[in-house]
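Notes for the one structure printed next.
Values quoted throughout were computed directly from the atomic coordinates according to the rules given, and no laboratory measurement underlies them. Only a predicted model underlies this, so the values are computations on that prediction, with no experimental measurement involved. Positions of Cβ are generated from backbone atoms using ideal geometry, with glycine treated the same way; all protein chains shown enter the neighbour counts.
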Amino acid sequence: MKNNVKSLFLFIGMVAFALVMQGFSASEPSSVGKVILPFSLKNVDNTNISFADFPNAKGFIVVFTCNHCPFAKLYTSRLNNLHRKYEKMGVPLLAVNPMDTLVYEEETFELMQQRAKSEHFAFPYLHDAMQTVGKSFNALHTPQAFVIWKERNNWVVKYSGAIDDNGAEPSKATSFVAKAVDELLQGKAVSSPKNKSIGCAIYYRK
């Protein structure tokens, strides 16, 4: 009983913290339907990763995340699972860190490399040093997920928002991202294309 109460208060506290950090707003812009231009970013293995490295990709799961955000830290194993499941179906996961290293010293490329190694990231962890990719997606928080799909040689946003509905308890979570990808793989429209993301705010340089 004590453990359940402790977990509940921990979850409530993390949600409250995340809502404060993200500047929670009902006017969050939607990127659904937006065409995303191909990009190339430096991965933690010191190679540059672009869409061209995945010639058979039907789409991508793009997750904006970072090192310091408590809410983002909850999702490593879930991102690994999403990547391992859907990469073989032609939908790999790309994690992108758009945080300003001048504001957050925890977000340097070297610390990204350390985190990816220590937490055994199965997916690319890309450094958006100039924040251009984050801006192109209208990404506001970490973590925030997008599912993009190939349509007539364009990459179109089909889902934008939270990864799932339960940050604290993965076993009880319903994955919005997995549902969106499954529907797209079945040739269906995404039934819930937008959910509000919860996490730490991304502050963009002007």
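Numbers at a glance
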read-out	value
Mean separation of Cα contacts under 8 Å, 6 or more apart, over the residue count of segment 65-206: relative contact order %	26 percent
Cβ charges +1 (Lys, Arg) and -1 (Asp, Glu), total dipole of segment 2-201, debye	620 debye
Local net charge near Thr65, Cβ-Cβ under 15 Å (Lys/Arg +1, Asp/Glu -1)	-3
Where trypsin sites (Lys or Arg not before Pro) fall in DSSP loop in segment 46-127, at most 12 other Cβ within 10 Å	Lys88
Cross-link table Lys58/Lys172; Lys42/Lys188; Lys88/Lys188; Lys73/Lys150; Lys42/Lys179, entries beyond 24 Å C-alpha to C-alpha	Lys58/Lys172; Lys42/Lys188; Lys73/Lys150; Lys42/Lys179
Value at 222 nm in deg cm²/dmol, rounded to 500, when DSSP H runs of n ≥ 4 in the chain each add -39,500 (n - 2.57)	-9000 deg cm²/dmol
Cβ charges +1 (Lys, Arg) and -1 (Asp, Glu), total dipole of segment 104-150, debye	300 debye
Positive-end residue of Tyr159, Met130, Leu185, charge dipole of segment 110-206 with Cβ unit charges	Met130
Environment charge of Leu93, counting only residues whose C-beta is closer than 11 Å and scoring Lys/Arg +1, Asp/Glu -1	+2
Test item: Cα-centred dipole of segment 33-106, Lys/Arg +1 and Asp/Glu -1 on Cβ, debye	440 debye
Karplus-derived HN-Hα couplings along segment 153-170 (A = 6.51, B = -1.76, C = 1.60, θ = phi - 60°), whole Hz, x at Gly and Pro	6, 10, 10, 10, 5, 10, 9, 9, x, 5, 6, 7, 10, 8, x, 7, 10, x
